[in-house]
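See structure below.
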Amino acid sequence: MSPEFALMPEQASSVSAEYDALLFTEIGISVFFGVGICLAIMFLAWRYRAGSEVDRSDPPEGDMRLELLWSGIPLVIALGLFVWSAKLFITMRTAPKNAMELHVIGKQWMWKIQHPGGKREINELHVPVGKDIKLVMSSEDVIHDFFIPAFRVKMDVLPGRYSMLWFKPIREGTYRFFCAEYCGTSHSKMIGRVVVQSPADYASWLSGGGNNEPPEVAGKALFESFRCGTCHREGLTGRGPVLDGLFGKQVRLAGGGMVVADENYLRESILDPGGKIVEGYQKLMPTYRGQIGEEGLMQLIAYLKSIAPDGKQPEEKR
Ligand code: HEC
Ligand SMILES: [Cu+2]
C-alpha cells in the first residue's frame, strides 16, 4: 500500500508506538465486548422466541458469583486502561528538563518558528533526530493547534498565553504538520513539514545563511529600550524586584499565596502587572500591553530566562 493510504501515520517519535498500542488495545477491548454482547442478544432472542420449545419453568433469580464476575472483570480492565493512559499522558505532558527549546508563533495563516540560536523558519521545522524538543507556542490572533500526526502530538496554540508541546523524533525523514483548529479562510493552508535530520546535518542547516540574533540577545535590547532597568536594576534598592534567576522560582505574592515564575507568569507580569503583586512591592509597574508584540514578548522572556543568579549575560556564556 502506498504511504498515503496507510492505516496510521508513521511511528516517528519516542511515544508513537506506545500511543498506538494503547489505542488499539482500547479498540480491541471495545470490539470484543461489542461483538460478544451483540451475539449474545441474537442467540437469546432466537432461543427464547415465541413458540420455541424451551424450558421456561423455574427461571434463575440471581447469582452472586456471576454478578461479581461481570462487575469485577470490567473494573480491572478499566483501571488498567486508566493507569496506562494516565502514565502515557504524564509522559507526554512533561517535557524533559534539558529539552531544546524552540519558539512557535501561529497566526492566520502560517507558523513562525525560531531556534535557540536565533535562526527562523516559516512552515518548516528542522530538528535533530534523537533529541528532546520542546515547543513554546503562542498565537498572534485566534486559536490554532499544532499537530504532528507521525509524532502523535497535538496541542492548542492560544492567544494571550503559552502552551507547550514536546517530542523526541526517533527517525530521520520528513513528516507533515497541520493546524488542527479551524481558524478561518485559509486554515487548510496552515500546514508545513518537519524535517528530522542527523545532528550533523541539523548543525550545518543551522549555520546556513539568514541567521538572526538569538532571542535572549534581542530580548536584552528590548529590556534596555523599554528601560525596565530603571526599576529592576540589580543591587539598586530598587522599586522593582531583582529579576536575575527569577525563572522557575517560587514567588511570594502580596496578600498571601505562591506562584511559580514560569513563562505564563512572566508574560502576565509584563502585560498585566497589577494582576499579581510581588510581596513587599508596590503596584508601580506600568503595563506594556499593546507596546510589545508576541515576538518581542518571547524575546524578553528568553532574556529573563537567560539571566542567571550570578548576573552573567547571555553573551558571556557563549
Ligand atoms: C516603574 C518601575 C518599573 C518598570 C519600568 C518595570 N517594572 Fe517590572 N515590576 C515593578 C514592580 C514595582 C514590580 C513588583 C510589583 C508587581 O508585581 O507588580 C515588578 C514586577 C515585575 C516582574 C515580576 C517579578 C517577580 O519577582 O515576580 C517582572 C517579570 C517584571 N516586573 C518585568 C519587567 C519588565 C520586562 C519590564 C520592562 C518591559 C519592567 N518590569 C518594567 C516595577 C517596574
Ligand atoms: Cu490555524
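Tabulated data
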quantity: Most fluctuating residue given options GLY290, GLY208, GLY118, as computed from a GNM of the chain linking Cα atoms under 10 Å; calculated: GLY290
quantity: Cα-based Rg of the range 215-317 normalised by 2.2 N^0.38 Å, two decimals; calculated: 1.01
quantity: Spatial separation of Cα centroids for the range 269-292 and the range 15-56, in angstrom; calculated: 60 Å
quantity: Peptides ranked, highest mean first, by Cβ atoms within 10 Å: ranges 263-270, 150-157; calculated: 150-157, 263-270
quantity: Accessible surface of the chain [probe 1.4 Å, protein heavy atoms]: carbon and sulfur percent; calculated: 60 percent
quantity: The range 15-121: trypsin sites (Lys or Arg not before Pro) falling in loop per DSSP and having at most 11 other Cβ within 10 Å; calculated: ARG49, ARG56, LYS97
quantity: Other-chain or far-sequence residues with amide H under 5 Å of PHE177's (modelled H); calculated: GLY192, ARG193, VAL194
quantity: Mean Kyte hydropathy of 0.0 or more with a Cα span along the axis of at least 24 Å, helices from DSSP in the chain; calculated: 16-47, 64-93
quantity: Accessible area expressed per residue, the range 215-317, with surrounding protein chains retained (probe 1.4 Å, Å²); calculated: 54 Å²
quantity: The chain, relative contact order in percent, only Cα pairs under 8 angstrom and at least six apart counted; calculated: 15 percent
quantity: FRET efficiency for SER225 and LYS87, using Cβ-Cβ distance with R0 set to 51 Å, rounded to 0.05; calculated: 0.65
quantity: Estimated FRET transfer efficiency when R0 is 51 angstrom, pair ARG176-LEU44 (beta carbons, to 0.05); calculated: 0.55
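The values are calculated or read from the model by the stated rules, or taken from the named source; none is laboratory data. Nothing here was measured: the structure is a model prediction, and the numbers come from that model. All Cβ positions, even for glycine, are placed from backbone atoms using ideal geometry, and neighbour counts span all protein chains on display. Quick note on the areas: whole protein, heavy atoms, side chains included, nothing else; ligands and nucleic acids left out. Shrake-Rupley method; radii C 1.70, N 1.55, O 1.52, S 1.80 Å.
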